[in-house]
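Colleague: Pasting a structure below so you can have a look.
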Amino acid sequence: QAFSLFVKAKEVPAAAWCAAGGDGARWRCCRQAFEELSGIHRHVALQHGPDIGQQAGRAAEQAAAEVGPSGPPAPAGNADGLNGLCPSSPEISCTLPDTSHLSYDDLTSKVGEVLLYYCYCEVKDPEKLCAWQKALCQHLHLTGKVRVASEGINGTVGGSKVATDLYIEVMLSQPLFKDILCQEDFKSSAGGAHCFPDLRVGVFKEIVPMGIDPKIVSYKETGIHLSPQEFHREVEQYLSQASQGQSDTILLDCRNFYESKIGHFQGCLAPDIRKFSYFPSYVDENLELFKDKRVLMYCTGGIRCERGSAYLRSKAVCREVYQLKGGIHKYLEEFPDGFYRGKLFVFDDRYAICSNEDIISACRYCGTLWDQYKLCSSQHCRQLVLTCPSCRNKGLTACCPVCQELEVTSRASGQTLKEECECTRRRPRVPIEHVSQRMLDAGK
């Protein structure tokens, strides 16, 4: 639409063209005359791309600004990507931030950050929130993943520092999140748009996939939130008591095994589960372990603890359930050399970020200390593997012998072979902790 309007503006007035007997230029641009439509189209495409982009951006901002409780809906297919989904309800404001004073480089600089946040709240129309969120991220050149549901929003996005700052500002001014979302709820780390392959925004049943209907186990029934300082003191006390064999507390890591493998709190119980959706089954199979215990839960940014603690509380076996507010992210900001050792796994192309120099995991092949993940080199497999540079140079780049053999076979045949690998086949879906005292003595 912006392209057509730009070409239209370069058209020679009909009166001037007719006065020349129907011959000569029909369009003029950059002191050049064009008789054929294909000629002016080619010129505009080659020489005025940035002008078209700016015109489209201004049109999108103007259209979004005109949408309000009494305003008309945005037309389908407009440049801001809302596709007519702007709501008439004041619950969701579709206004996009003004970026006319910013350059393209400001918004697309590779030197930026990655934001991690979530907000549990009642969303009456997730589709509308999703459309606005997608338009906002595209407008600011952000990449990443955003999950929207009737229970709230969960996002991790990357972009330039200018773009992420604007994103936070707009999110905090969004009426839907007023008095719920605050500046501290955004966890940031060095990165940028390059940390994600693309932008994915969608509507789901849950904003974190636990596999339990939010109406059955609600975020409103969550455990008691502890600040990083409070959690630090609790862990300190737990480790002191556990060293004497007197602890009545379980320090529970509710992340996946490949996350806790490269970094965790000292003395924690880290379930050997591959997905968070297995967590409820893990709790069900190990209820005796949690009976009459104080549970201190933690995860990456806090969101899994919201539903995880609610599920644990619903079983009515624990004496108390607490959770780390802001997750490991916020804890490491205040205690980089605290009780959390190793790397913090993140779900983007960085795989991990660090706050201390500890390496607590080892190469899968030679056993040397190593904590930098790579995807298994076998084409069919999506497992993560820890293999050091020395072993990688030897061609040991798969997660297990089965995948290593499949990789060689598939390369030779030129075909992608699919077979369940050793790692997946041998890992129990829901591990059972047979000896609970072993975990309680972990702090010794």
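Colleague: Tell me, please, whether a residue that is more than 25 Å from the chain's Cα centre (by Cα), within 18 Å of Ser309 (Cβ to Cβ) and at pLDDT 95 or above can be found in the range 205-226.
Modeller: No, the range 205-226 has no match at all.
Colleague: Right, something else. If a residue has to be at pLDDT 60 or above and either open to solvent by 60 Å² or more (accessible area, probe 1.4 Å) or part of a helix (DSSP H, G or I) (or both) to count, how many in the range 395-434 make the cut?
Modeller: Number of matching residues: 20.
Colleague: Within the range 106-128, can one find any residue that is under 30 Å from Glu334 (Cα atoms), touching a residue at least 12 places away in the same chain (Cβ under 8 Å), of a type in the set (S, T, N, Q) and in a strand (DSSP E or B)?
Modeller: The answer is no; no qualifying residue exists.
Colleague: Residues in the range 126-134: is at least one touching a strand residue (DSSP E or B) at 6+ places or on another chain (Cβ under 8 Å), outside the structural domain of Lys325 (by the TED database) and surrounded by fewer than 17 Cβ atoms within 10 Å (Cβ to Cβ)?
Modeller: Yes, some residue in the range 126-134 is touching a strand residue (DSSP E or B) at 6+ places or on another chain (Cβ under 8 Å), outside the structural domain of Lys325 (by the TED database) and surrounded by fewer than 17 Cβ atoms within 10 Å (Cβ to Cβ).
Colleague: Ok, one more. If I filter the range 285-299 down to residues being touching a residue at least 60 places away in the same chain (Cβ under 8 Å) and part of a helix (DSSP H, G or I), which single residue comes out as most open to solvent (accessible area, probe 1.4 Å)?
Modeller: Result: Glu288.
Colleague: Now for a separate question. Please go through the range 178-194 and pick out each residue that is open to solvent by less than 60 Å² (accessible area, probe 1.4 Å) and farther than 26 Å from Ser100 by Cα.
Modeller: Correct list: Leu181, Cys182, Asp185, Lys187, Ser189.
Colleague: Continuing with this model, one more query. Collect the residues in the range 140-155 that are open to solvent by 10 Å² or more (accessible area, probe 1.4 Å) and closer than 22 Å to Thr99 by Cβ, keeping them in residue-number order.
Modeller: Those that are open to solvent by 10 Å² or more (accessible area, probe 1.4 Å) and closer than 22 Å to Thr99 by Cβ: His141, Thr143.
Colleague: Across the range 229-252, which residue is most open to solvent (accessible area, probe 1.4 Å) among those that are of a type outside the set (Phe, Trp, Tyr) and touching a Leu at 6+ places or on another chain (Cβ under 7 Å)?
Modeller: That would be Glu234.
Colleague: Somewhere in the range 135-144, is a residue within 24 Å of Gly327 (Cβ to Cβ) and either modelled with pLDDT under 95 or assigned to a loop (DSSP other than H, G, I, E, B) (or both)?
Modeller: The answer is yes, given that some residue of the range 135-144 is within 24 Å of Gly327 (Cβ to Cβ) and either modelled with pLDDT under 95 or assigned to a loop (DSSP other than H, G, I, E, B) (or both).
The values are calculated or read from the model by the stated rules, or taken from the named source; none is laboratory data. Because the structure is predicted, anything quoted here is derived from the model rather than measured. As a convention, Cβ positions derive from the backbone with ideal geometry for all residues, glycine included, and neighbour counts pool all protein chains shown. Please note that ligands, DNA and RNA were not included when accessible areas were found on the heavy atoms of the full protein model with its side chains. Shrake-Rupley method; radii C 1.70, N 1.55, O 1.52, S 1.80 Å.
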